[in-house]
Amino acid sequence: DVPKIPDSRGDSDCPRRGSLCERHCAAINNAQGDLGDLGCHLHRPRVPPATSISSCYQQHSEEVCESCVVKTTLTAENAVEANKLSNNYKFGFKKWKSHVTARPWEDRSEIVKELYSDLNVIRGSGGSTLTCGNILYLLLFGWWLSFLYILVAAVMFVTVIGAPYGRLCWNLAGYFLWPFGKVIQKVEVPKSHQACKAGAGESSALLGGPTPRRWRPQCWAGTGYWHRASTTAWLCLGYPVLALAHGLVCVTAWLLIVLIPVAKLSARATSRVLLLPPERVLIRRLRMTEVPLEGEVILCCYRAANPYYYKYAVDGINVFAVNLLPLVLVTLVLGYADSPNNLTGSAVKFTLALLSIMPLSYYIGMAIASISAQSNFAVGAVVNATFGSITELTFYITALIKGSREGNRCYAEVVKSALTGTLVGCVLFVPGLCMVIGGIRHQEQRFNSRSAGVSSALLFLSVGGVFAPTLFSKVYGKLVCGECHNVTQNPLGHYLCHNCHFDLMDNNGTLYYSHVQPLVYTVSILLPAAYLIGLFFTLKTHTHIYDIHISDCHMPGHHHSAVVHWSRWRALVILLLSTLCMSACADLATEHISPILTNSTISQYFIGVTVLAMVPELPEIVNGIQFALQNNLSLSIEIGNCIAVQVCMLQIPILVLFTIFYPTNFTLVFSDLHVYASMFSVVLMNYIFMDGKCDYFQGTVLVMVYFILLAVYFFAPSPSGC
């Protein structure tokens with residue numbers, strides 16, 4: 001439907017062309033969706049439905065569609081978030097979904113607010129507590145934790161002086177068996193009994209029963225509680241065992257993520273409940289109690305599991321990255337302390353090193369986004385250009401150094417496979433997967449075809465430049481075969497040859513050193529220059545291609561100052577430390593990949609194209625999926641395109657430059673399989689992105705083509721030299 005423009009001249013008059021273009025752009029923006037999960041919304045003009053301007057629209061529709069640029073107006077909570085959102089649309093900047101500042105509490109949804117609750121809020125109606133997550137808690141933790149409390153209660157009763165704590169543990173055994181729908185309350189001492197009477201003996205409240213009418217409190221003012229004999233027995237015999245058990249429960253539940261409420265429950269029990277005097281701990285069923293005014297609710301839990309905890313963040317860091325950080329420490333300690341492989345083999349160490357790259361990639365991306373959002377354009381561009389590809393370059397350079405020291409050409413071939421795999425995966429798999437997942441929620445998704453066209457043009461240029469030395473060597477190189485057999489037994493008949501390749505070193509390497517190598521150096525200079533021209537084009541002279549407007553989404557009187565998760569100095573320190581750890585993990589991965597390459601029955605092509613290429617890109621894939629779910633497919637596509645362009649225009653020239661100062665076996669001559677797969681992928685991507693809209697079917701085509709190429713690499717023979 002074409003929007004109607006109210007005009008005082010009547011329905012027969014044709015509206016201005018500019019107005020029609022603006023409203024047509026607004027209509028396209030309506031299909032673009034919003035960024036609601038970011039706390040921001042797209043501002044869309046209210047336009048009445050069309051009635052009588054159809055003839056005028058038909059007259060100008062082609063011109064409008066050609067001249068119309070998809071305009072996007074974003075809103076942000078503060079200036080730092082606005083700068084981060086603007087950087088997401090800039091060519092050459094890392095696209096980052098997560099917030100770099102703390103979001104205002106009132107702007108968060110009720111689901112997110114529940115994730116950060118302290119388990120001390122009583123609801124009006126908690127519903128049924130018989131859920132799958134609660135039953136899972138009972139099977140994993142509840143039964144043995146309750147049994148342990150019963151054993152500790154028996155020990156405390158045996159000591160006689162610890163009888164109050166024995167009664168506390170007995171009641172807590174029932175609580176931790178099924179804590180849902182129950183409340184632990186800290187009982188306050190009545191004011192009339194604040195003064196202690198001399199010679200008063202120990203007493204405790206009746207746990208689990210009705211509230212006593214008269215209080216006989218022990219004198220716990222000041223440090224009196226910690227000087228009791230019963231407290232000493234409790235801290236020596238009971239508390240350490242229970243604290244250790246709760247610590248085990250806390251760590252296990254935290255690693256499972258969906259059971260983080262159980263981790264909070266155990267942490268709060270250890271730090272609060274078990275350190276209170278037993279007289280002041282009151283356990284009640286929720287339906288039988290009303291919290292007195294002087295009482296404090298310590299624990300009140302309804303659900304043991306919450307599937308939305310994948311959104312949980314600690315100081316701006318996603319919980320998955322937090323949980324994987326200890327894996328990095330384990331990898332480094334195990335890799336360098338167990339060099340002879342006495343504890344684990346090379347396969348385990350290689351797997352751990354590769355998995356450790358994922359959280360480190362997340363921390364590097366978060367640090368880059370934080371620095372860019374708090375800095376001017378020049379600093380952000382330098383940081384993105386310097387550290388944007390540090391994850392991949394670290395692994396490639398360490399692999400080339402190891403291959404050069406061992407005289408093994410297989411490492412260079414694996415690096416070429418990883419480069420090709422990153423290119424093909426970011427061109428086919430990343431946008432295809434985002435289209436499929438986004439298309440499940442949105443029937444049709446639109447994106448800025450002009451900005452995608454700029455990236456596609458640079459991608460065509462970069463692929464042509466990267467594979468130019470390869471095509472040159474195919475034309476002028478000498479075909480050399482390892483073994484040939486006469487099939488027809490006739491000297492003039494057909495021959496079947498194996499292990500054929502183009503030899504560039506014939507006649508003492510005249511062809512390579514006189515023709516191919518100068519071409520490689522020329523390409524390595526031209527490609528970064530083209531990248532800089534692309535930056536200047538999109539960020540300086542033709543910024544209207546993106547047309548991003550940032551405005552404030554808060555109502556007057558509700559403005560919030562930016563509270564950044566990571567300051568610039570903190571982000572810089574984390575960036576440097578993550579880069580250092582990344583180098584160590586890459587060194588371990590290349591150190592222990594040799595047995596896998598030599599003993600594995602899988603083609604080395606397949607290992608490089610899949611594992612080594614796509615594992616470091618997992619954080620980028622997650623970002624792309626999140627953008628697609630918000631109907632912001634432009635950023636999902638730009639993520640893949642930018643990585644592919646950086647592979648060809650930055651990473652490969654840097655590797656060529658590195659070989660000048662540190663000679664390795666790396667030459668910019670790829671196998672035929674790499675050339676055909678890359679070129680076909682780029683052509684297919686440009687065909688899909690031609691009309692500026694897509695659906696899940698087109699995404700399925702891209703993903704299926706990617707899997708077909710993976711099958712080709714899987715059944716391909718190993719490259720020469722491996």
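Using a cut-off of 12 Å between beta-carbons, work out the net charge of the residues near R272 (Lys and Arg +1, Asp and Glu -1, R272 not included).
Here the charged neighbours net out to +2.
Could you run the Karplus curve 6.51 cos²θ - 1.76 cosθ + 1.60 with θ = phi - 60° over segment 467-474 and give me ³J(HN,Hα) per residue in whole Hz, x for Gly and Pro?
8, 4, x, 5, 5, 4, 5, 5
Going through segment 406-453, which trypsin sites (Lys or Arg not before Pro) have at most 15 other Cβ atoms within 10 Å and a DSSP loop state?
none
DSSP loop trypsin sites (Lys or Arg not before Pro) in segment 82-116 with at most 16 other Cβ atoms within 10 Å of their Cβ, which ones?
When the trypsin sites (Lys or Arg not before Pro) of segment 82-116 are filtered for loop state and at most 16 Cβ neighbours within 10 Å, R108 remain.
Pairs of Cα atoms under 8 Å, at least six residues apart: use those to get the relative contact order of segment 312-715, whole percent.
38
Write down the accessible area per residue of segment 637-705 in Å², having rolled a 1.4 Å probe over the full set of protein chains.
Ligands and nucleic acids excluded, the figure is 39 Å² per residue.
What are the residues whose amide H is under 5 Å from the amide H of K182, where those residues sit 5 or more places off or on another chain and H is modelled from the backbone?
Placed amide hydrogens put L286, C301 under 5 Å from K182.
With all protein chains present, calculate the accessible area of Y513 using a 1.4 Å probe and round the result to the nearest 10 Å².
130
How big is the accessible area of C236 in square angstrom, nearest 10, if you roll a 1.4 angstrom probe over the protein chains?
For C236, the solvent-accessible surface is approximately 90 Å².
Please get the size of the charge dipole for segment 312-715, origin at its Cα centre, with Cβ charges of +1 on Lys and Arg and -1 on Asp and Glu, quoted in debye to the nearest 20.
300
Would you mind listing how long segment 388-427 runs along its three principal axes, going by Cα atoms, in whole Å with the largest first?
Projected onto its principal axes, the Cα set of segment 388-427 covers 33, 19, 6 Å.
What's the local net charge at A562, with K and R +1, D and E -1, over the other residues with C-beta under 9 Å away?
-2
Put +1 on the Cβ of every Lys and Arg and -1 on every Asp and Glu Cβ in segment 312-715; which of A589, Q626, V573 then has its Cα farthest towards the positive end of the dipole?
Looking along the dipole axis, the top candidate is V573.
Say the cut-off is 20 Å between C-alpha atoms; which of K182/K264; K90/K416; K97/K311; K90/K540; K90/K311 go over it?
From K182/K264; K90/K416; K97/K311; K90/K540; K90/K311, over 20 Å: K90/K416; K90/K311.
Find the centroid of the Cα atoms in segment 237-265 and in segment 399-422, then give the distance between the two in whole Å.
Their Cα centres are 45 Å away from one another.
May I ask for the net charge around G425, where only other residues with Cβ less than 13 Å from the Cβ of G425 are counted and Lys, Arg are +1 while Asp, Glu are -1?
Net charge in that neighbourhood comes out at -3.
Given 4 °C and 1.567 mPa s, how large is the Stokes-Einstein diffusion coefficient of segment 312-715 in µm²/s, with Rh as the Kirkwood radius over Cα pairs?
56
Extension gain L329-D691, at 0.36 nm per residue separation less the Cα-Cα distance, in nm?
In short, 125.6 nm is gained.
At a Förster distance of 56 Å, what's the computed FRET efficiency of A229 paired with I122, Cβ-Cβ distance as r, to 0.05?
E between A229 and I122, to the nearest 0.05, is 0.95.
Mind giving me the nanometre distance, one decimal, between the label points for F680 and T129, set 7 Å out from Cα along Cα→Cβ?
Placing both labels 7 Å beyond Cα along the Cβ direction yields 6.1 nm.
At 0.36 nm per residue, minus the direct Cα-Cα distance, what do I440 and A337 gain on full extension? Give it in nm, one decimal, please.
Here the segment from I440 to A337 would lengthen by 32.3 nm.
Roughly speaking, what is the stretch gain from L256 to R285, that is 0.36 nm per residue apart minus the C-alpha to C-alpha distance, in nm to one decimal?
7.6 nm
Mind jotting down the distance between the C-alpha centroids of segment 657-722 and segment 294-337, whole Å?
37
The values are calculated or read from the model by the stated rules, or taken from the named source; none is laboratory data. None of the values given here were measured: they were computed from a predicted structure. Note that each Cβ is placed from the backbone with ideal geometry, even for glycine, and that neighbours are counted across all protein chains shown. These area figures cover heavy atoms from the full protein model, side chains too; ligands, DNA and RNA do not enter into them. Shrake-Rupley method; radii C 1.70, N 1.55, O 1.52, S 1.80 Å.
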